[in-house]
Amino acid sequence: MADLQEVRVPDIGDFDQVDVIEVLVSEGDEVDVDDSLITLESDKASLEVPSPVAGVVREVAVSVGDQVSEGDVIAKVEPAEEAAPDDAEEEPESEEGSESEPEPEADEEPEAAKPRAARGREREPSKGRAEGGGAGPEVYASPSVRKRARELQVDLSAVEGTGRKGRITPEDVEEHARRAEEPAAAGLPRIPEVDFARFGEVEAQELTRIQELTGEAMHRSWVNLPHVTQFDEADVTELERFRKSRKAEAEERGVNLTPVPFVIAACVAALKKFPRFNSSLHPDGDRIVLKHYINIGVAVDTPRGLVVPVIRDADRKGILELAEAVDDVASRAREGKIAPDDIQGGTFTVSSLGGIGGTAFTPIINAPEVAILGVSRARMQPVWQGEDFEPRLILPLSLSYDHRVIDGAAAARFTRYLAEVLGDLRNLLL
Ligand code: CAO
């Protein structure tokens, strides 16, 4: 074996006993001049120590957690001309090749703190093992991000990088830490992490962006708003007769006349009669803000997840116009053509599962709205009519409301009124 060249800790400025936070090579690795061997980190800066020579690493003299000073041996490298790598697998050209592109870092240490004449260079974002090493997935993060992650006790392998090529940014780490703290701050117990693979085969499926956002919104509402759900039933036998009689006319306009536009029209009438349901609680919590417009959100089930586009000025639309509007927003939502503007400004939401089935459910309020109406499938039921049971078409209603703004009695009045309007559409004229 040829003479081994010792690589030592370079002049790292006024620092002594600096932590080794990463060892980037192992014995047998082929290195080029300037390939990073280890990463050092002091209180003020972190830097990589590059190899001064091309060759094969024959010995690594430090481990993560060691403390080193200028002159300490880091590794022994057999220079290239003599070296015959024993496990010289050619690394396939991968993303890693482009990792050497420096990326400016907002939180980089001030110039003065940089080690004087250091042969080591300020580290660039690199691909490395997750904190704690071991078999964790590989992550891309700069030393300062890694340091911040350690401070915040964030496991980098669990953080999704939003930077270029998936790099983890300081904001990603802060956001992860903030989210992890949310339940703790609210005094909520954490759901234990379970390694499901211990019990059988598993498969991970990414959530769509819509599912993620909806999940966040649902969770926000669930933990912030005291939800109560009021159930009621509307006798829609007459409404159904009327709907069927007008279905052909609607079809000529290219619209499928379902019960949903009637429900929206009934909600508009109820919101006018009970304006508190068309309000939001002010963030200060000491007043409500009543809205003098009625924009109805309609929950639409799409392949990418739940979307709630808003039908604006629903109080100025007739039943057929509402049917057209539902058709329009539902088809655009399913085609992924909903613009940010389409999902803003709602004052009350209707969530209809009537086309699917079910008898009742407890919808989550689309905060900062204060109520949402869930509609389940209408069913023929025997209803006592004084002397006899009669077959009547009964539509189940489930109204979830924010109990800080709405009392139970008001909610019962609201759903009763809805049932009256849906039971006799002439009420819409009043
Ligand atoms: N009872 C009985 N039948 C009903 C009904 C009800 N309450 N509501 C709808 N139907 C019928 C319709 O009339 C239609 O049948 P016809 O064509 O014979 O008339 C059929 O069910 C299918 O309706 P649809 O779902 O295509 O249309 P819609 O207007 O009823 O609903 C929309 C539109 C966008 C609300 C709906 O398609 C949808 O996406 N619903 C899911 C919402 C959701 O996921 N909510 C849960 C969110 S968590 O709160």
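The values are calculated or read from the model by the stated rules, or taken from the named source; none is laboratory data. Remember, it's a predicted structure, so these values are computed and weren't measured experimentally. Virtual Cβ from ideal backbone geometry, glycine too; neighbours counted across all protein chains shown.
Being modelled with pLDDT of 95 or more and more than 12 Å from the ligand (Cβ to nearest atom) is the requirement here; does residue 412 meet it? Against the criterion (modelled with pLDDT of 95 or more and more than 12 Å from the ligand (Cβ to nearest atom)), residue 412 qualifies. Yes or no: residue 239 near the ligand (Cβ under 10 Å from one of its atoms), in contact (Cβ under 8 Å) with a residue 60 or more places away in the chain and either closer than 26 Å to residue 412 by Cβ or part of a strand (DSSP E or B) (or both)? It is false that residue 239 is near the ligand (Cβ under 10 Å from one of its atoms), in contact (Cβ under 8 Å) with a residue 60 or more places away in the chain and either closer than 26 Å to residue 412 by Cβ or part of a strand (DSSP E or B) (or both).
State whether the residues of the stretch 254-273 include one that is within 12 Å of the ligand (Cβ to nearest atom), touching a residue at least 24 places away in the same chain (Cβ under 8 Å) and among the small types (Gly, Ala, Ser). No, every residue in the stretch 254-273 fails to be within 12 Å of the ligand (Cβ to nearest atom), touching a residue at least 24 places away in the same chain (Cβ under 8 Å) and among the small types (Gly, Ala, Ser). Is it the case that the stretch 243-259 has a residue that's among the polar types (S, T, N, Q), assigned to a helix (DSSP H, G or I) and more than 29 Å from residue 339 (Cβ to Cβ)? Yes. Annotation note: of 207, 188, 156, the sole residue that is closer than 30 Å to residue 362 by Cα and either at pLDDT 95 or above or in contact with a strand residue (DSSP E or B) (Cβ under 9 Å, 6 or more places away or on another chain) (or both) is 207.
Candidates in the stretch 258-269 are the residues that are hydrophobic (A, V, I, L, M, F, W, C) and buried (at least 24 other Cβ atoms within 10 Å of the Cβ); of these, the one that is farthest from residue 245 (Cα to Cα) is 267. Taking the criterion of being surrounded by 12 or more Cβ atoms within 10 Å (Cβ to Cβ) and away from the ligand (no atom under 13 Å from the Cβ), the residues of the stretch 368-392 that qualify are 368, 370, 383, 390, 392. Just to be sure before I move on: is residue 124 modelled with pLDDT of 85 or more and out of contact with any His (no Cβ under 7 Å at 6 or more places or on another chain) in the structure I sent? Answer is no for this residue.
Among the residues of the stretch 302-337, the ones that are within 26 Å of residue 212 (Cβ to Cβ) and away from the ligand (no atom under 12 Å from the Cβ) come to 5 in all.
Which residue out of 345, 355 is under 29 Å from the mean Cα position of the chain (by Cα), in contact (Cβ under 8 Å) with a residue 60 or more places away in the chain, under 23 Å from residue 398 (Cα atoms) and surrounded by fewer than 17 Cβ atoms within 10 Å (Cβ to Cβ)?
Values: 345 fails: in contact (Cβ under 8 Å) with a residue 60 or more places away in the chain.
The unique qualifying residue is 355.
In this entry, residue 354 passes the filter for residues that are within 11 Å of the ligand (Cβ to nearest atom) and closer than 19 Å to residue 243 by Cβ. For the stretch 20-68, the strands (runs of 3 or more DSSP E) that sit wholly inside it and include 1 or more residues that are among the acidic types (Asp, Glu) and under 19 Å from residue 142 (Cβ atoms) are 36-41, 46-50. Restricting attention to the stretch 338-351, which residues are more than 12 Å from the ligand (Cβ to nearest atom) and not aliphatic (A, V, I, L, M)? Correct list: 340, 341, 342, 344, 345, 346, 347, 348.
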